[in-house]
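The values are calculated or read from the model by the stated rules, or taken from the named source; none is laboratory data. On a predicted model such as this, the values are computed, not experimentally measured, just so you know. Here the Cβ is made from the backbone with ideal geometry for all residues, glycine too, and neighbour counts use every protein chain on show.
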Amino acid sequence: MTNILEQEFHHYRNLLALEQELRLSDAFAELDDDISLQLIVRVININPDKHHEILMKCQVLREYRLFIETTRKYSHDENQLKMAVEECIKEGILTDYLSRKSSEVVNMLMAEYDYETDMEVKMEEAAKASKNLAIVVENTAKNFRISLEEACRRLEISYDDYLEIIRDSTDTAE
C-alpha cells in the first residue's frame, strides 16, 4: 500500500490537468441544499510540460516556474537550497524577491520538504496500522472459531476493506 501511495504522491503533479476548478463544498461528505457561500478556485498547472498561455503573459509566474524547476534539481538540504536560490539570482530568476527574502524562501522550502517527509512517514504508519488491523481480524476469527467475514462483522469492519488491506500488504511485500 505504501508503494502505491508514494507513487501516486510523486506522480500527482504529472496527472494534473492544464486547468481545473475546485469547489470547497466538494470537500464535505454531506452537503446541505442551502449553500450560503461557495468558494471556487481556478487551479492552473504551470509545470513546463503543460505550456499554459498564462506563462507567456505573466513574467512573475514564468520566473516562479523556473525557480521551482531549479530547486527540484537540488537535494532538499539547507545548503543545497541556498545554492539553488543563488543560481536563480545569477540567472535573473525572481532576482529582486530572492535577493530580499532568500532566507525566508529557503526556510519555506525546508518546511515543504519536511511536510513531504512527514506525509511519507504517515503513509508508512497507515500501512502498518492496516496490517495490524488485519492481524486483529485474523486472531478474532481464530480465537472465536468464526469465519473472517464474521470476525469483520463483529469488529465492525467491512469485509471488503479487510480484503483490500490483505491485497495491498501482499502487493507491498512483492
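Residues that are aromatic (Phe, Trp, Tyr) and modelled with pLDDT of 90 or more within the stretch 84-131 comprise just one, Tyr97. Scanning the stretch 51-75 for residues that are under 17 Å from Met108 (Cβ atoms) and out of contact with any Asp or Glu (no Cβ under 8 Å at 6 or more places or on another chain) turns up Val60, Glu63, Tyr64, Arg65, Phe67, Ile68, Glu69, Thr71, Arg72, Tyr74, Ser75.
Only a single criterion out of (1) part of a helix (DSSP H, G or I); (2) exposed (fewer than 13 other Cβ atoms within 10 Å of the Cβ) is not satisfied by Asp168, namely (2). Here Asn143 passes the criteria (1) modelled with pLDDT of 90 or more; (2) surrounded by 16 or more Cβ atoms within 10 Å (Cβ to Cβ) except the one numbered (2). Among the residues making up the stretch 152-170, a single one is more than 11 Å from Val137 (Cα to Cα) and either among the basic types (Lys, Arg) or not assigned by TED's automatic domain parsing to the domain that holds Val137 (or both): Arg167.
Quick check: is even one residue across the stretch 103-117 among the aromatic types (Phe, Trp, Tyr), in a helix (DSSP H, G or I) and within 20 Å of the chain's Cα centre (by Cα)? Within the stretch 103-117, one or more residues are among the aromatic types (Phe, Trp, Tyr), in a helix (DSSP H, G or I) and within 20 Å of the chain's Cα centre (by Cα).
Filtering the stretch 84-102 to residues that are of a type in the set (Asp, Glu) and not in a loop (DSSP other than H, G, I, E, B) leaves Glu86, Glu87, Asp96.
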